[in-house]
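The values are calculated or read from the model by the stated rules, or taken from the named source; none is laboratory data. Quick caveat: nothing in here was measured; it's all calculated off a predicted structure. Here the Cβ is made from the backbone with ideal geometry for all residues, glycine too, and neighbour counts use every protein chain on show.
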């Protein structure tokens, strides 16, 4: 981590030029600079012909995206508004007829120009050491709103791609006309001999070889996400270096209940290396958190059996409500404790806020029905497959091709004997659903 300070320019008197090197600027801001390497292949796209500060294209316009990783070539296929006042239908059909001539697969299958292609080029020379990065500036504040720390998160940029409109179908028309008008000429066939390394390197750098290599590489289909989508938010959160955000120096500058939550969250995050005997020497709330961290789902009866005999059920009930939520009469660790503020998931580093929201949605669905389907969860949660599988593995059993069932059956006895706890949890679920 680097540290930078900004200052005002000092006014230098002509009579004191000899002291200019000794005079220092006043420091007005100090910023920590950290490097985040979560995003391995980050590209910056430039749209020279688009208005600044406006998204270049909407979700409805984009039909298809494909990419060549080795050549770093990007193509975006866009739909054209054929109902616009500036659209010439007759001219469009004429262009489509010419473009489709001689092609086994028509370029414009609809019979008129209804799409356009945006292709990439590299505005910077290949092979230069650019050392580019995208930065996110963050101000950390205390409870009173006062800035206590400023951090600049830098994410390395792999390359810059300049996106321009491509009319390759017009080039195809010119090529076909040139071939039709050209006369047949004799050709000489030559067989390639052995090449030295130097000659081979020169040939590979030749433009024709570059074009050949580009054509040989297969396109990789890509998907598009709106800038306000959860996936885009996840990627933006990965641009923040987690180690810089979780500054342990301010762990004691919290309120009493926040400190207690932090202690419980520590158990939820990684007490698996501890033994049950060591956990039993701690307060009941910590013991409950330890058990929930390892079992993920547990009934109240089983929880009381694991704890010491001298722990009263009423004491266990008070403790479990502090760190767990009720699902089908069983207890599951609260998402707010597993993913506290400014935290990230252990698998892909997803924002804790997204993980809390997604996990709570899963718990609400399991509370409504013991079984859920993977397809419905993917459509509703919209989180990466790895994160969803990890949640389901801890809370459910895979009972069908796309069906998951809560690990414990519904505890009707607890629901019947603790109606007040059930109603309180019901109000919490309803409040979350209305957010």
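What about residue 371, is it more than 30 Å from residue 238 (Cβ to Cβ), assigned by TED's automatic domain parsing to the domain that holds residue 324 and touching a residue at least 60 places away in the same chain (Cβ under 8 Å)?
Answer is no for this residue.
For residues that are assigned to a helix (DSSP H, G or I) and modelled with pLDDT under 75, scanning just the stretch 270-316, find the one that is nearest to residue 409 (Cα to Cα). Let's see the steps before the verdict.
So the first thing to find is which residues in the stretch 270-316 are assigned to a helix (DSSP H, G or I), and the list is 270, 276-279, 284-295, 300-306, 313-316.
Checking which are modelled with pLDDT under 75 leaves us with 270, 276-279.
On the way: 270: 27, 276: 25, 277: 28, 278: 30, 279: 27 Å.
Once the filter is applied, the top-ranked residue is 276.
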- Query: Within the set of pairs 6+ apart or on separate chains, which have a first residue in the stretch 215-229 that is closer than 12 Å to residue 73 by Cα, a second that is in a loop (DSSP other than H, G, I, E, B), and C-beta atoms under 9 Å apart?
  - Reply: 217/69; 217/70; 217/71; 220/69
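Can you spot a residue in the stretch 66-73 that is outside any loop (DSSP other than H, G, I, E, B), at pLDDT 55 or above and touching a helix residue (DSSP H, G or I) at 6+ places or on another chain (Cβ under 8 Å)? Step through it out loud before you land on a result.
Within the stretch 66-73, the subset outside any loop (DSSP other than H, G, I, E, B) is 66-68, 73.
Next, only the ones that are at pLDDT 55 or above stay: 66-68, 73.
Of the ones still in play, those that are also touching a helix residue (DSSP H, G or I) at 6+ places or on another chain (Cβ under 8 Å) are 68, 73.
Yes, that holds for at least one residue.
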- Positions within the stretch 56-72 being within 22 Å of the chain's Cα centre (by Cα) and farther than 22 Å from residue 114 by Cβ, in sequence order: 67, 68, 69, 72
- State whether one or more residues within the stretch 342-353 are under 17 Å from the mean Cα position of the chain (by Cα) and assigned to a helix (DSSP H, G or I). yes
- From the option list 37, 53, 88, 143, single residue qualifying as over 24 Å from residue 223 (Cα atoms), modelled with pLDDT under 85 and exposed (fewer than 13 other Cβ atoms within 10 Å of the Cβ) is 143
- Message: Suppose we filter the stretch 91-106 for residues that are surrounded by fewer than 16 Cβ atoms within 10 Å (Cβ to Cβ) and either within 16 Å of residue 78 (Cβ to Cβ) or modelled with pLDDT of 85 or more (or both); how many remain?
- Response: 4
